[in-house]
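Okay, structure first, notes after.
The values are calculated or read from the model by the stated rules, or taken from the named source; none is laboratory data. Note that this is a predicted model, so its numbers are computed, not measured. Every residue, glycine among them, receives a Cβ derived from its backbone with ideal geometry; neighbour counts consider all protein chains shown.
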Amino acid sequence: MLMMFGGLGATLADRSPERIVDLQTTMMRMDAELRESGEVVDSRHLTDPIRATTVRFTDGTPTPTDGPFAEIKESLAGYWVLECSHDRALEIASLVVAVTEYPMEVRRVMDETPDQA
């Protein structure tokens, strides 16, 4: 699983409209290529974290609160579940990070056997 992190507000504030269009075009092209190659098992884009609800354990009770942690600058923006080797996942993550300049986390799905790496 490749988890993409980003900060929508920071992205819009720090990058030119041309850079944002280039970023979106590149990501859409990469997604299409991964789908065409058959490597994509699932993928989703997530809404901006300002629309999130966080459930915290407060005073012994699960309590929903608006938004994610206030201090988060980068939050989960979307993910790809891919069927590929770990090295290939790192290659794809490196390509995305080079474009977005935001981190990605590469993690195996829990029910995967270790020899599928």
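Tabulated results
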| quantity | calculated |
| --- | --- |
| Segment 42-61, subset touching a Gly at 6+ places or on another chain (Cβ under 8 Å) and polar (S, T, N, Q), residue nearest to Arg108 (Cα to Cα) | Ser43 |
| Residues of segment 78-103 that turn out to be assigned to a helix (DSSP H, G or I) and hydroxyl-bearing (Ser, Thr, Tyr), as a count | 2 |
| Residues of segment 26-61 that turn out to be surrounded by fewer than 12 Cβ atoms within 10 Å (Cβ to Cβ), in a loop (DSSP other than H, G, I, E, B) and not charged (D, E, K, R), as a count | 3 |
| Subset of segment 62-99 that is touching a Gly at 6+ places or on another chain (Cβ under 9 Å) and at pLDDT 85 or above - its residue that is surrounded by the most Cβ atoms within 10 Å (Cβ to Cβ) | Gly78 |
| Residue in segment 14-24 that is exposed (fewer than 12 other Cβ atoms within 10 Å of the Cβ) and either modelled with pLDDT under 80 or in a strand (DSSP E or B) (or both) present | yes |
| Meets criteria (touching a residue at least 12 places away in the same chain (Cβ under 8 Å) and small (Gly, Ala, Ser)) for Ser43 | yes |
| First in segment 83-108 and within 15 Å of Glu39 (Cα to Cα), second anywhere and part of a loop (DSSP other than H, G, I, E, B) and among the acidic types (Asp, Glu), Cβ under 9 Å, 6 or more apart | Glu83/Glu39; Cys84/Glu39; Arg88/Glu39; Ile92/Glu39 |
